[in-house]
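Before any comments, here is the structure.
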Amino acid sequence: LMRVLIQRVLSARVEVEGKVCGEIGPGMLLFVGFGRDDTESLLPSAVKKIREMRLFSDANGKLNLSVEDTKGSLLAVSQFTLYANCSRGRRPDFTPAAPPDLAERLYDRFVEMLRETGIPVQTGIFAADMKVSLVNDGPVSFILDF
């Protein structure tokens, strides 16, 4: 299963080696992880769901607006640790995570498909040591499995 942790943000940024490589204002920060058996066939439904999810408040304070409706942005950050198995011992087991070559291929295609929607998309750098900062709006966070 592809796993995405979505955080509604007022702002978010990712730095690698002290340099900003992705930064957004209001929108969604997406931490994205892939499992060993994931394929590209999962991506269209993930992109559609993220694009259409109503996570933003309307004039009445109800979660009725999508990132598209609000003209928000997306910041996608790869995060294999979403697949950690912490059920035994004190050290997480990352065996369920996709191997790096598969994960990178799926992540790149996922980002490409997000950009094809017309929503502004920024990214981190795959497999880099990233520093992510954010102002979570709400806080509002969701975990989606596809």
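The values are calculated or read from the model by the stated rules, or taken from the named source; none is laboratory data. Treat the numbers as computed from the prediction; the structure is a model and nothing was measured. Every residue, glycine among them, receives a Cβ derived from its backbone with ideal geometry; neighbour counts consider all protein chains shown. Each accessible area value is taken on the protein alone, full model and side chains, heavy atoms only, with ligands, DNA and RNA left out. Shrake-Rupley method; radii C 1.70, N 1.55, O 1.52, S 1.80 Å.
Output the residue which, of all residues in the stretch 54-70 that are touching a strand residue (DSSP E or B) at 6+ places or on another chain (Cβ under 9 Å) and in a loop (DSSP other than H, G, I, E, B), is nearest to Ile6 (Cα to Cα). Show your work before the answer.
So in the stretch 54-70, the residues touching a strand residue (DSSP E or B) at 6+ places or on another chain (Cβ under 9 Å) come out as 54-58, 63-67, 69-70.
Right, trim to in a loop (DSSP other than H, G, I, E, B) and you get 54-55, 58, 66-67, 69-70.
Numbers: Arg54: 12, Leu55: 10, Asp58: 19, Ser66: 13, Val67: 12, Asp69: 17, Thr70: 16 Å.
Filtering first and then ranking leaves Leu55.
Between a residue in the stretch 41-68 that is in contact (Cβ under 8 Å) with a residue 12 or more places away in the chain and among the small types (Gly, Ala, Ser) and any residue that is open to solvent by less than 70 Å² (accessible area, probe 1.4 Å) and not in a loop (DSSP other than H, G, I, E, B), which pairs come within a Cβ distance under 8 Å, given they are 6 or more apart or on different chains?
Qualifying pairs under 8 Å: Ala46/Val4; Ala46/Phe110; Ala46/Leu144; Ser66/Phe56.
Here are some conditions: (1) surrounded by 13 or more Cβ atoms within 10 Å (Cβ to Cβ); (2) more than 17 Å from Glu104 (Cα to Cα); (3) of a type in the set (Gly, Ala, Ser). Ala59 meets all but one. Which one does it not meet?
So Ala59 meets the others, but not (1).
Could you count how many residues in the stretch 95-112 are small (Gly, Ala, Ser) and not in a helix (DSSP H, G or I)? Step through it out loud before you land on a result.
Narrowing the stretch 95-112 to residues small (Gly, Ala, Ser): 97-98, 103.
Filter once more, so that each one left must be not in a helix (DSSP H, G or I): 97-98.
Residues in the stretch 95-112 being small (Gly, Ala, Ser) and not in a helix (DSSP H, G or I): 2 in total.
Just to be sure I understand the filter: pairs with C-beta atoms under 6 Å, separated by 6 or more residues or on different chains, first member in the stretch 1-30 and over 18 Å from Ile143 (Cα atoms) and without any contact (Cβ under 8 Å) to a residue 60 or more places away in the chain, second member of a type in the set (Ser, Thr, Tyr) and surrounded by 15 or more Cβ atoms within 10 Å (Cβ to Cβ). Which pairs pass?
Gly25/Ser11
For the stretch 128-137, what are the residues that are in a strand (DSSP E or B) and open to solvent by less than 60 Å² (accessible area, probe 1.4 Å)?
Met130, Val132, Ser133, Asn136, Asp137
Within the stretch 1-10, is there a residue that is outside any strand (DSSP E or B) and of a type in the set (Lys, Arg)?
Looking through the stretch 1-10, none of the residues is outside any strand (DSSP E or B) and of a type in the set (Lys, Arg).
Consider Ile143 against the criteria (1) farther than 20 Å from Ser11 by Cβ; (2) in a strand (DSSP E or B); (3) in contact with a Phe, Trp or Tyr (Cβ under 6 Å, 6 or more places away or on another chain): it satisfies all of them except one. Which criterion is unmet?
(3)
Pick from the stretch 91-127 the residues that are closer than 20 Å to Thr70 by Cα and not β-branched (Val, Ile, Thr): which of them is least open to solvent (accessible area, probe 1.4 Å)?
Selected residue: Leu114.
When residues of the stretch 71-90 are filtered for being assigned to a helix (DSSP H, G or I) and open to solvent by less than 50 Å² (accessible area, probe 1.4 Å), how many remain?
Going residue by residue through the stretch 71-90, those that are assigned to a helix (DSSP H, G or I) are 80-83.
In the following step, the residues that additionally are open to solvent by less than 50 Å² (accessible area, probe 1.4 Å) were identified as 82-83.
Qualifying residue count for the region: 2.
Filter the stretch 1-33 down to the residues that are farther than 12 Å from Ser133 by Cα, within 12 Å of the chain's Cα centre (by Cα) and open to solvent by 10 Å² or more (accessible area, probe 1.4 Å) and list them by number.
The answer is Arg3, Leu5, Arg8, Phe31.
If you take the residues in the stretch 97-112 that are hydrophobic (A, V, I, L, M, F, W, C) and under 13 Å from the mean Cα position of the chain (by Cα), which one is farthest from Ser73 (Cα to Cα)?
Of everything passing the filter in the stretch 97-112, Leu106 is farthest from Ser73 (Cα to Cα).
Could you tell me whether the stretch 13-21 includes any residue that is under 27 Å from Leu63 (Cα atoms) and in contact with an Asp or Glu (Cβ under 7 Å, 6 or more places away or on another chain)?
So far as the stretch 13-21 goes, yes, one or more of its residues are under 27 Å from Leu63 (Cα atoms) and in contact with an Asp or Glu (Cβ under 7 Å, 6 or more places away or on another chain).
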